[in-house]
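Bear in mind these aren't lab numbers, they're just calculated from the coordinates by the rules spelled out. Since the model is a prediction, treat every value here as computed from it, not as a measurement. A quick note on method: Cβ atoms are made from the backbone with ideal geometry, for glycine too, and the neighbour counts reach across all protein chains shown.
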Amino acid sequence: MTEISSSFIQILANANNVVVLTGAGVSAESGIKTFRDPDGLWARFNPAELASPKGFMSNPELVWEWYQHRREIVHESKPNPGHYAIAELETLVPYFTLITQNVDRLHQQAGSKIVYELHGNIIENHCFRCGKPYIGEVAFADKTLPKCPECGGKIRPSVVWFGEMLPEDAIRESEKATNHCDVFFSVGTSTEVYPAASLPYHAKKMGAYVVEINPNDTSFSSQANLKIKEPSGQAMPEIIRLLKEYKKGNQ
Ligand code: OAD
């Protein structure tokens with residue numbers, strides 16, 4: 001088990017602004033597969049086929065079916081101790097920002113209030129042609145691709161695909177918070193997909209103390225001020241426990 005130093009807990013306790021960036025690894029302990037681990041989704045499926053506008057245009061039924069399957073898995077999953085600890089951290093520091101690349105909404109289920117979803121979400125849908133939200137009921141078992149009641153266009157999941165723009169307000173607020181934070185957590189992300197991957201580097205450049213929580217090394221690891229090589233479901237609750245203990249002792 002990685003030692004979580006008292007000097008780090010002291011830095012966290014004195015921080016005014018804390019930012020947490022999460023990736024698929026945070027939901028791994030909820031039973032949702034990551035993308036780039038050896039058993040990850042991109043080892044078995046082709047992102048160009050299933051996660052791009054071009055892929056959707058060439059085979060919309062296949063893409064729809066794949067997301068129907070994934071949202072069924074998400075629907076059956078529950079937040080894990082890592083999600084709950086991140087939600088609790090929000091209540092323990094003066095200013096807190098949660099940025100996620102995850103589309104599963106488990107942070108919100110765990111109680112996180114404001115979550116900037118850089119890659120959208122898998123729960124909602126909208127029209128591929130006119131962009132209007134699709135509010136019709138979508139049963140998991142129904143593999144038929146719905147049509148937009150407004151324009152007849154094909155309905156797609158509201159996730160951000162490769163080659164698409166990130167939601168403007170989410171990336172703007174994420175960059176703003178990163179600019180001003182004292183402590184930045186990069187949790188469960190391979191830091192491979194930009195622009196999200198640029199945030200820990202930017203935080204470091206701006207003088208923040210950057211912590212990476214990931215059982216494996218990433219391209220960012222060597223730059224982190226602290227690397228905790230553990231699953232987030234273990235490391236995050238331990239950090240919360242130590243932070244509360246520290247605060248109690250210093251009241
Ligand atoms: P990746 O699959 O690229 O990386 C997941 C990271 O989580 C890896 O570095 C693992 O080592 C780590 N990990 C695994 N289990 C963990 C655990 N229990 N606790 C902590 N870390 C753990 O996922 P992301 O970095 O989120 O985008 O990928 C970024 C984007 O690539 C995704 O949002 C998705 C994908 O293509 C789109 O679909 C647009």
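Here the chain is scanned for GluC sites (Glu not before Pro) in DSSP loops (not H, G, I, E, B) that have at most 16 other Cβ atoms within 10 Å, and the longest stretch holding none of them is 4-136.
Computed over the chain, relative contact order equals 25 percent, with contacts defined as Cα pairs under 8 Å that lie 6+ residues apart.
What's the center-to-center distance, using Cα atoms, between the range 1-43 and the range 172-226 in Å? If you average the Cα positions of each part, the centres end up 11 Å apart.
Cβ crowding within 10 Å ranks Met165, Met57, Met206 as Met165, Met57, Met206, fewest other Cβ atoms first.
Taking the Cα centre of the chain as reference, the dipole from Cβ charges on Lys and Arg (+1) and Asp and Glu (-1) amounts to some 220 debye. Residues Thr189, Thr34 in ascending order of nearby Cβ atoms (within 10 Å, fewest first): Thr34, Thr189.
The rule of thumb for compact globular proteins, 2.2 N^0.38 Å, goes into the C-alpha radius of gyration of the range 137-251 1.47 times. Going 7 Å from the Cα of Lys33 toward and past its Cβ, which residues in the range 150-167 have a backbone nitrogen under 13 Å from where you end up? The answer is none. Of all lysines in the structure, those lying under 23 Å Cα to Cα from Lys54, and not within fewer than 8 positions of it along the same chain, are Lys132, Lys143, Lys147, Lys154.
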